Amino acid sequence: MNTPFNISRTYHYLLGFCALLIGAYSKWILLGLLPLVLLIIISWRKGHFEFRWNAIQWSWTLLYSIYLFYSILIWNDELSPKQIEYKLSWLIFPFIFSFVPKFKLEKKHVINGLTIGVIIASLMGIVKAIHACMTIGITLTSYTSSNICINHPTYFSATATIALILLIENWNQSPLMNWPRWVKIVAVSFITFMILMSFSMAGFLFMAAITGLVFIYYLLKKETPKKIKLLIIAFPVLATFLLSQNDFIKGEFDNTRHALSHYIESPTKFIAQKNESQNGDEVRLIMWTATLLEIKDHPFGVGPTQIGQHLSQRLNALKQPKMAELNNHGEVHYNPHNQYLQMALEIGWLPLCLFLLMLVKFISMGMNNNKKSITAIALLLGFHCLFESILQRQSGIVTFTFFITFCVFYLSVNSKKEIDHVA
């Protein structure tokens, strides 16, 4: 069937526009989704798309259905609609990527869109940081962390890291509208710089881990010249030394080490003594403990609308009255700061196992098909789930669901095997 050129072009531009919106400010995603869905439905009726449903789509849909069931079963006039809306990405994106085009599917528009979107968000963040400098003076904090991010630093860092993953994997395929090599180098360097300036500890650790693995790979590779191997050895040593000279970064690691050592000595004593102001590491340790104790008592979950009430009761029992305070929406000030614990407490450990199996499937799918982007983005999600309830905010849900689902979709469309048969 001959496909009109304008359908293919419009479809790819709309995909790129959606990626741009996610990179710049994910709450604007509806501006791209509505025309995209409309185009797909009209084109499908005309025979330019084929509808295919597979195990990946079923998994996302099942996970959403479980949240929907719990939200309706334990209804809350304010929290239930919010839960149903925020998790809707688990239904929308798999549905969109179930329509397989009968024309060639390209990914450069998505990579272009995300890269440009992240750069736009970065420039907006720099403007915000300049304003902070004019207000509070030129200090390290005035142009780092939340002062240079228009979104939460961890979520910005995660989105920017996905952009780096896609750019680096497709480096030799000229995804950036055939821009010169130096433009790609500038884009990667700028995005990396902004990730560092976001001061997201989860982002730091993930980049350090991936960089370390790459270094080890090339260090062990026989074809790597000896001079390059020496540089590989010298770089992490130099980078570690330079980072250790920064008082802020050094202080962050010292705080983490101090909090963890005291917690290991006596969790009960540690929590009881932290009844005043806590730093981020202390908050996480307290919330993880409270959540684990609640999961032990409620292995099948308490429902996403009741998690605040249960955590509040547990925090009061742990002598943390300030952290136990509920806002007008019936939520405690801090969520569990761990997506695995959050999911287990909300909907139980069985759905959590489904989510873990999905992550394993994505990772193995990328490894078996030499698609590093799928593996890397799934690892990025799994890693961030350890330190943040990354799929509770709309920005996290939209970002990870869109790009993981798109990468799997691209693989399935351009592979000779059906996705259900991928080992």
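What the table below lists for this structure:
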| item | result |
| --- | --- |
| Residue list for the stretch 165-191, restricted to those being at pLDDT 85 or above and aliphatic (A, V, I, L, M) | I165, L166, L167, I168, I185, V186, A187, V188, I191 |
| Residue count, the stretch 313-364 (criterion: in a helix (DSSP H, G or I) and in contact with a helix residue (DSSP H, G or I) (Cβ under 7 Å, 6 or more places away or on another chain)) | 17 |
| Count of the stretch 61-98 residues which are within 20 Å of F362 (Cα to Cα) and either in a helix (DSSP H, G or I) or in contact (Cβ under 8 Å) with a residue 60 or more places away in the chain (or both) | 14 |
| Selection within the stretch 30-60 - in a loop (DSSP other than H, G, I, E, B) and not small (G, A, S) | K46, H48, R52, W53, N54 |
| Single match in A202, A239 (criterion: at pLDDT 75 or above, in a helix (DSSP H, G or I) and either surrounded by 12 or more Cβ atoms within 10 Å (Cβ to Cβ) or in the same structural domain as I119 (by TED's automatic domain parsing) (or both)) | A202 |
| Count of residues meeting criterion [over 18 Å from A324 (Cβ atoms) and surrounded by 21 or more Cβ atoms within 10 Å (Cβ to Cβ)] in the stretch 294-308 | 3 |
| Identity of the residue in the stretch 123-163, of a type in the set (A, V, I, L, M, F, W, C) and assigned to a loop (DSSP other than H, G, I, E, B), that ends up nearest to W28 (Cα to Cα) | I150 |
| Residue tally, condition in a helix (DSSP H, G or I), in contact with a Cys (Cβ under 8 Å, 6 or more places away or on another chain) and either outside the structural domain of L30 (by TED's automatic domain parsing) or over 14 Å from F93 (Cα atoms) (or both), over the stretch 375-413 | 1 |
| Meets criteria (out of contact with any Leu (no Cβ under 9 Å at 6 or more places or on another chain), among the basic types (K, R), at pLDDT 90 or above and within 30 Å of F49 (Cα to Cα)) for K416 | no |
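The values are calculated or read from the model by the stated rules, or taken from the named source; none is laboratory data. Model, not experiment: these values are computed from the prediction. Note: ideal-geometry Cβ built from the backbone for every residue, glycine included; neighbour counts use all protein chains shown.
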